[in-house]
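Undergrad: Here it is, the structure in full.
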Amino acid sequence: MFKYIYIIFLLFIAITYSKATNENPVKGYVFDKNKQPVIGANIYWENTQHGTTSDINGYFEITPRAGSHNLIVSYIGFAPTSVPVNNTAEELQIILKGEIELDEVVVSERKMGTIASRTSVLQTQRITYDELCRAACCNLGESFETNPSVDVSYSDATTGARQIKLLGLSGTYVQMLTENYPNFRGAASLYGLDYIPGPWMESIQVSKGTSSVKNGYEAIAGQINVEYKKPMTADIFSANVFASDAGRYEGNADASWHINENLSTGLFIHYSNDNKQHDSNDDGFLDMPLKEQVNLMNRWYHKSNNYVAQYGVRYLHENRTGGQATKHHDFIDPYIIKLNTNRAELFTKQAYILDTEKVESVALILSGSYHEQKSTYDRTPYNIYQNNVYASLLYEKEFSPMHSLSTGLSMNYDGFNENLAYSGAVNYFNRDEVVPGAYVQYTFNLNDKLILLGGIRADYSTLYDFFVTPRIHIKYNPFEWFHIRASAGKGFRTANILAENNYLLSSSRKMNIANDLGQEEAWNTGINLSFYIPLFGKELTLNGEWYYTDFVKQVVVDMDSNPHAVRFYNLDGRSYSSSYQIEASYPFFRGFTLTAAYRYTDAKTDYKNETGEIFRLKKPLMNEYKGLVTASYQTPLKKWQFDLTGQFNGGGRMPAPDKTNPLWESTFKSYTIVNAQITKYFRNWSIYVGSENLFNFTQEHPIIDASNPRGDDFDGTMVWGPVHGRKIYAGIRFNISRD
Amino acid sequence: MKRFWITLICIIVALSTAFAQDAKNKKETINFKVEEMHCNNCIKKIEKNIAFEKGVTDLKCDLNTHTAEVTYKTDKTDIEKLVSAFKKIGMTAVPVEGENKDSDN
């Protein structure tokens, strides 16, 4: 929800000697309680725009400004705290404190792009801008190519809808946040991964398992938070152009202005166009939909002594056209899927520091969005209009380094207006849900060796009555080189059937939705062990984890009991997912790092067919295992960078084909995807070329009965692998930095 | 999977031969004491600039000792030019005596 609040201790206080115009910079370090450096803290002179950020060692230096003797130290735009500076010759040692330090403390020869937080009590990985630059990263959906935890796969072969998978669960069980408030819920969940352009992002945080109760009750498998570039620290101007042989053109630009001492703003622009028809498997259907997207954002940041205010507004327009490839074939009446999306978002965050010594603050977050998707799946029109309003009021206080408390109130409103013309009649699926709630969260911290975080929230849904969400996290690090984390907690979710599954309309399957669908409810438990082992003068990082999700109530998406239908009904029996992962990373020689990871997932659900028989099956279209090896090399002068990633995807189960006339196999085999990229850096710009799916692996017949799209066997949703083959791309990044 | 490893090995071999080519000309390595080198941002600044100076073939910055070890081709640049390159980005580089290593590799 928002970053934590920090106390500042000034260890070295001025003694004598002060010069009015001292040109020596003020130097210092920002540490956490553990004396580990805090990276990326904002440090600036009060009432000026003159600032800097702490580096990987927590170090900063800042030249003195006439008229200002107070340094403000904050983190990600929150909780500015003032440090009086009387003697610039002394090196400052500023210790930031927070309930849970989310700051990363990895010190390495070469900063790796993905940093696993060592201090956070939640298991959190931070994907930095450096990491995003290792791959094409046109948007959020493509940002996880070098990440072993998050899978992104296409939901179907026609619309380009993409789903995240985390811990063997689909993306709807992962809570999406932008700037630490919930976003892309409901109608935006299918294509939301395409709504955040890569160059806009400063970092992405991925946390697995149950998360803090601060952000609500929805995170079941985990949480993904995107931080956009901040106007205070962003480049004056940066731009990026990108083109791929698949016919994608893209341009991004962002700029930031420091208008006066207290006010700064950032403007973000994105335009992309996929206008080339591809049908490499010659089944008459486009391999990828044609797309055009315009995306604009403007954000404001205002600060004065103890008060920080942020405002943002965003607009997005997207057109998608999928279906039959009219350019390569003569169709008299082609099967076409058209989606036309408009989305507007507003947000504001207001934070007031009541007491800097005691880390006492109040904050208010307000966000609203309007989302419309007008679509036609061939002859089936489907339209959705969603309004969302979210409000959250938080109060936090640290009583002592050992005890801190966070509590707050929240309210979420979702208004859905959906209509689907189906079997000759227009069906309306309109509903409103208001969920007010309250939470309290307590942190016990014993010298950072043992951290206990317990939270509970109670919410009332106008659709599902009262419900209580308890969550607990423990972190224990007996030694520097060994950290153990455990978590357990509950999550709840309202299933939005058509909003989240309308891509299933690109098949002949009949939609069969039960009337009495309930709220989804699940327990998630996890354990994680991290080892940091010194080996030949470098550090070997080993990580092992196990997460188990057990559904108490679930809306089952059943494509198995009838190959010509998709059925949605309440779970009767068990549904669980067990995910094991190991990961190792070692910098073998100067500039070179190799990371290898392996994950095994066991996810099963009890399905109930039309006659009431229950049968337990593995989740369909899910890889049983996944291996990932990613190697990165930077030359000594850092002028060249080479990245290579191999994804080894295990086989899995297909939804049951028709017994008398099976049109697809009952399983799919394992496959490998290799991506590579070369980047050349210059003083103010860089150029990159790369390839996705280097060895051109594709699923052979992604669309079932493609020649007869209006027949009873047509199905565009039996997709387990890439539909589009090798892609070659190139791009240029340019920036004017602020200092 | 095999193809991935073959690709990786090919790239490493290609890189090592590519960079071995560099070693024809006479090179020298010098240590500079750079007082202004306090933080990783400063190192980034040095790397973004000094690395792109003509003749520079290697650069290692050490934050603890505030030194930058620069390897350069003697026919392309010299210590004076390097010092002025540091000056351009607002840093004073003082050659550390006695630690110069000649290397002809």
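Undergrad: What is the residue count in segment A:614-641 for residues that are facing chain B (nearest Cβ under 9 Å), open to solvent by 30 Å² or more (accessible area, probe 1.4 Å) and among the hydroxyl-bearing types (Ser, Thr, Tyr)? Can you show your working first?
TA: From segment A:614-641, those facing chain B (nearest Cβ under 9 Å) are A:627, A:629, A:631, A:633, A:635-640; that's our starting set.
Of the ones still in play, those that are also open to solvent by 30 Å² or more (accessible area, probe 1.4 Å) are A:633, A:636, A:638-640.
With among the hydroxyl-bearing types (Ser, Thr, Tyr) added as a condition, the list becomes A:633.
So the answer is 1.
Undergrad: Filter segment A:642-661 down to the residues that are open to solvent by 30 Å² or more (accessible area, probe 1.4 Å) and among the hydrophobic types (A, V, I, L, M, F, W, C) and list them by number.
TA: So the first thing to find is which residues in segment A:642-661 are open to solvent by 30 Å² or more (accessible area, probe 1.4 Å), and the list is A:642, A:653, A:656, A:658-661.
Those that are open to solvent by 30 Å² or more (accessible area, probe 1.4 Å) and among the hydrophobic types (A, V, I, L, M, F, W, C): A:642, A:656.
Undergrad: Moving to a separate point now. Within segment A:541-560, count every residue that is in contact (Cβ under 8 Å) with a residue 60 or more places away in the chain and part of a loop (DSSP other than H, G, I, E, B). Explain how you work it out, then say what you get.
TA: If we filter segment A:541-560 for residues that are in contact (Cβ under 8 Å) with a residue 60 or more places away in the chain, which is where we start, we get A:541, A:543, A:545, A:547, A:549, A:555, A:559-560.
Next, only the ones that are part of a loop (DSSP other than H, G, I, E, B) stay: A:559-560.
Summing the residues that are in contact (Cβ under 8 Å) with a residue 60 or more places away in the chain and part of a loop (DSSP other than H, G, I, E, B) in segment A:541-560 gives 2.
Residues are listed down the side, and each one gets a yes or a no for (1) part of a strand (DSSP E or B); (2) closer than 30 Å to residue A:286 by Cα; (3) under 24 Å from the mean Cα position of the chain (by Cα):
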{"residue": "A:330", "(1), (2), (3)": "no, yes, no"}
{"residue": "A:357", "(1), (2), (3)": "no, no, no"}
{"residue": "A:371", "(1), (2), (3)": "yes, yes, yes"}
{"residue": "A:400", "(1), (2), (3)": "no, no, no"}
{"residue": "A:405", "(1), (2), (3)": "yes, no, no"}
{"residue": "A:432", "(1), (2), (3)": "yes, no, no"}
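Residue-by-condition table, conditions (1) at pLDDT 80 or above; (2) outside any strand (DSSP E or B); (3) within 13 Å of another protein chain (Cβ to nearest Cβ):
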position: A:24; (1), (2), (3): no, yes, yes
position: A:30; (1), (2), (3): yes, no, yes
position: A:34; (1), (2), (3): no, yes, no
position: A:44; (1), (2), (3): no, no, no
position: A:67; (1), (2), (3): no, yes, no
position: A:81; (1), (2), (3): no, no, no
position: A:86; (1), (2), (3): no, yes, no
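Undergrad: Given the criterion acidic (Asp, Glu) and in a strand (DSSP E or B), identify the matching residue among A:572, A:606.
TA: Working: A:572 fails: in a strand (DSSP E or B).
Testing whether each residue is acidic (Asp, Glu) and in a strand (DSSP E or B) leaves just A:606.
Undergrad: Please give the number of the condition residue A:428 fails out of (1) more than 26 Å from the chain's Cα centre (by Cα); (2) within 30 Å of residue A:364 (Cβ to Cβ).
TA: Only one criterion in (1) more than 26 Å from the chain's Cα centre (by Cα); (2) within 30 Å of residue A:364 (Cβ to Cβ) is unmet by residue A:428, namely (2).
Undergrad: I've got another one for you. Taking the options A:444, A:466, name whichever one is part of a strand (DSSP E or B), within 25 Å of residue A:184 (Cα to Cα) and not polar (S, T, N, Q).
TA: On the way: A:444 fails: within 25 Å of residue A:184 (Cα to Cα).
Only one candidate passes the filter, namely A:466.
Undergrad: Could you list, in sequence order, all residues of segment A:471-485 that are aliphatic (A, V, I, L, M) and either surrounded by fewer than 15 Cβ atoms within 10 Å (Cβ to Cβ) or not in a strand (DSSP E or B) (or both)?
TA: A:484
Undergrad: Take the conditions buried (at least 19 other Cβ atoms within 10 Å of the Cβ) and among the aliphatic types (A, V, I, L, M) and apply them to residue B:79. Does it pass? Please lay out each step first, then the result.
TA: Numbers: buried (at least 19 other Cβ atoms within 10 Å of the Cβ): no; among the aliphatic types (A, V, I, L, M): yes.
Judged against the criteria, residue B:79 is not a match.
Undergrad: Could you look through segment A:56-65, keep only residues that are in contact with a Pro (Cβ under 8 Å, 6 or more places away or on another chain) and either more than 7 Å from chain B (Cβ to nearest Cβ) or in a loop (DSSP other than H, G, I, E, B) (or both), and pick out the one that is surrounded by the fewest Cβ atoms within 10 Å (Cβ to Cβ)? Please lay out each step first, then the result.
TA: Of the residues in segment A:56-65, the ones in contact with a Pro (Cβ under 8 Å, 6 or more places away or on another chain) are A:56-59, A:61-64.
Those left that are additionally either more than 7 Å from chain B (Cβ to nearest Cβ) or in a loop (DSSP other than H, G, I, E, B) (or both): A:56-58, A:62-64.
Details: A:56: 21, A:57: 21, A:58: 27, A:62: 19, A:63: 13, A:64: 20.
Looking at residues that are in contact with a Pro (Cβ under 8 Å, 6 or more places away or on another chain) and either more than 7 Å from chain B (Cβ to nearest Cβ) or in a loop (DSSP other than H, G, I, E, B) (or both), I get A:63.
Undergrad: In this structure, is residue A:644 assigned to a strand (DSSP E or B), within 14 Å of chain B (Cβ to nearest Cβ) and among the hydrophobic types (A, V, I, L, M, F, W, C)?
TA: Working: assigned to a strand (DSSP E or B): yes; within 14 Å of chain B (Cβ to nearest Cβ): yes; among the hydrophobic types (A, V, I, L, M, F, W, C): yes.
In short, yes.
Residues are listed down the side, and each one gets a yes or a no for (1) of a type in the set (Gly, Ala, Ser); (2) open to solvent by 50 Å² or more (accessible area, probe 1.4 Å); (3) on the phi > 0 side of the Ramachandran plot:
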| site | (1), (2), (3) |
| --- | --- |
| A:277 | no, no, no |
| A:285 | no, no, no |
| A:302 | no, yes, no |
| A:333 | no, yes, no |
| A:351 | yes, no, no |
| A:371 | no, no, no |
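Undergrad: Next question, about the same structure. For residue A:483, indicate whether it is under 22 Å from the mean Cα position of the chain (by Cα) and touching a residue at least 60 places away in the same chain (Cβ under 8 Å).
TA: On the way: under 22 Å from the mean Cα position of the chain (by Cα): no; touching a residue at least 60 places away in the same chain (Cβ under 8 Å): yes.
Taking the combined requirement at face value, the residue does not satisfy it.
Undergrad: Out of segment A:674-685, which residues are crowded, with 19+ Cβ neighbours inside 10 Å and within 18 Å of residue A:244 (Cα to Cα)? Break it down stepwise before answering.
TA: Here is the first cut: in segment A:674-685, the residues crowded, with 19+ Cβ neighbours inside 10 Å are A:674-677, A:679, A:681.
Listed by number, the residues that qualify are A:674, A:675, A:676, A:677, A:679.
Undergrad: Every residue in segment A:662-695 that is within 8 Å of chain B (Cβ to nearest Cβ) and not in a strand (DSSP E or B), please.
TA: Scanning segment A:662-695 gives A:682, A:683, A:694, A:695.
Undergrad: Are any residues in segment A:609-641 part of a loop (DSSP other than H, G, I, E, B) and touching a Gly at 6+ places or on another chain (Cβ under 9 Å), and if so, which ones? If you could, list the steps in order and put the result at the bottom.
TA: Pass one, segment A:609-641, residues part of a loop (DSSP other than H, G, I, E, B): A:609-613, A:619-624, A:635-639.
If the condition is that a residue be part of a loop (DSSP other than H, G, I, E, B) and touching a Gly at 6+ places or on another chain (Cβ under 9 Å), then A:619, A:620, A:621, A:622, A:623, A:624, A:635, A:636, A:638 are the ones that fit.
Undergrad: Counting only residues that are in contact (Cβ under 8 Å) with a residue 12 or more places away in the chain, open to solvent by 30 Å² or more (accessible area, probe 1.4 Å) and at the interface with chain A (Cβ under 7 Å from one of its Cβ atoms), how many does segment B:50-74 have?
TA: Residues flagged as in contact (Cβ under 8 Å) with a residue 12 or more places away in the chain, open to solvent by 30 Å² or more (accessible area, probe 1.4 Å) and at the interface with chain A (Cβ under 7 Å from one of its Cβ atoms) within segment B:50-74 amount to 2.
Undergrad: Does segment B:33-49 hold any residues that are over 12 Å from the mean Cα position of the chain (by Cα), open to solvent by 40 Å² or more (accessible area, probe 1.4 Å) and facing another protein chain (nearest Cβ under 10 Å), and which are they?
TA: B:36, B:40, B:41, B:44, B:45
Undergrad: Please enumerate the residues belonging to segment A:574-604 that are open to solvent by 40 Å² or more (accessible area, probe 1.4 Å), charged (D, E, K, R) and under 30 Å from residue A:638 (Cβ atoms).
TA: Matches in segment A:574-604: A:590 only.
Undergrad: Identify, please: which residue in segment A:151-177 is among the β-branched types (Val, Ile, Thr) and closer than 14 Å to residue A:196 by Cβ and is, among those, nearest to the chain's Cα centre (by Cα)?
TA: Our first condition is that a residue be among the β-branched types (Val, Ile, Thr); within segment A:151-177, this holds for A:152, A:158-159, A:164, A:172, A:174.
If we keep only those that are closer than 14 Å to residue A:196 by Cβ as well, we get A:152, A:164.
Numbers: A:152: 11, A:164: 9 Å.
Only one residue tops the list, namely A:164.
Undergrad: Also: Starting from segment A:593-610, keep only residues that are in contact (Cβ under 8 Å) with a residue 40 or more places away in the chain and basic (Lys, Arg), then list their pairs with residues that are part of a strand (DSSP E or B) and open to solvent by less than 30 Å² (accessible area, probe 1.4 Å) whose Cβ atoms are within a distance under 7 Å, requiring at least 6 positions of separation or different chains.
TA: The qualifying pairs are A:599/A:579; A:599/A:581; A:599/A:626; A:608/A:569.
Undergrad: Here is a follow-up. May I ask you to list the residues in segment A:244-283 that are farther than 25 Å from residue A:702 by Cβ and of a type in the set (A, V, I, L, M)?
TA: A:253, A:255, A:259, A:263, A:267, A:269
Undergrad: Oh, and also: Whether any residue in segment A:531-540 is open to solvent by less than 20 Å² (accessible area, probe 1.4 Å) and touching a residue at least 40 places away in the same chain (Cβ under 8 Å) is what I want to check.
TA: The first filter runs over segment A:531-540 and keeps only residues open to solvent by less than 20 Å² (accessible area, probe 1.4 Å), leaving A:532.
After this cut, where a residue has to be touching a residue at least 40 places away in the same chain (Cβ under 8 Å) as well, the list is A:532.
Taking every residue of segment A:531-540 in turn, at least one turns out to be open to solvent by less than 20 Å² (accessible area, probe 1.4 Å) and touching a residue at least 40 places away in the same chain (Cβ under 8 Å).
Undergrad: Return a yes/no flag: does segment A:281-296 have any residue that is touching a strand residue (DSSP E or B) at 6+ places or on another chain (Cβ under 8 Å), under 30 Å from residue A:327 (Cβ atoms) and of a type in the set (Phe, Trp, Tyr). Let's see the steps before the verdict.
TA: Filtering segment A:281-296 for residues touching a strand residue (DSSP E or B) at 6+ places or on another chain (Cβ under 8 Å) gives A:284-286, A:288-296.
Of the ones still in play, those that are also under 30 Å from residue A:327 (Cβ atoms) are A:284-286, A:288-295.
Checking which are of a type in the set (Phe, Trp, Tyr) leaves us with A:285.
Yes: one or more hits.
Undergrad: Still on this model: Does at least one position in segment A:700-717 carry a residue that is more than 14 Å from every other protein chain (Cβ to nearest Cβ), of a type in the set (Asp, Glu) and open to solvent by less than 10 Å² (accessible area, probe 1.4 Å)?
TA: Applying the first criterion (more than 14 Å from every other protein chain (Cβ to nearest Cβ)) to segment A:700-717 yields A:700-717.
Narrowing the set further to residues that are of a type in the set (Asp, Glu) leaves A:700, A:705, A:712-713, A:715.
Filter once more, so that each one left must be open to solvent by less than 10 Å² (accessible area, probe 1.4 Å): A:715.
Yes, segment A:700-717 contains a residue that is more than 14 Å from every other protein chain (Cβ to nearest Cβ), of a type in the set (Asp, Glu) and open to solvent by less than 10 Å² (accessible area, probe 1.4 Å).
The values are calculated or read from the model by the stated rules, or taken from the named source; none is laboratory data. Note that the coordinates shown come from a computational prediction; the quantities given were computed from them, not determined experimentally. In this analysis, Cβ positions are derived from the backbone assuming ideal geometry, glycine residues included, and neighbour counts consider all displayed protein chains. Just so you know, the surface numbers come from the protein's heavy atoms only, side chains and all, with ligands and any DNA or RNA stripped out. Shrake-Rupley method; radii C 1.70, N 1.55, O 1.52, S 1.80 Å.
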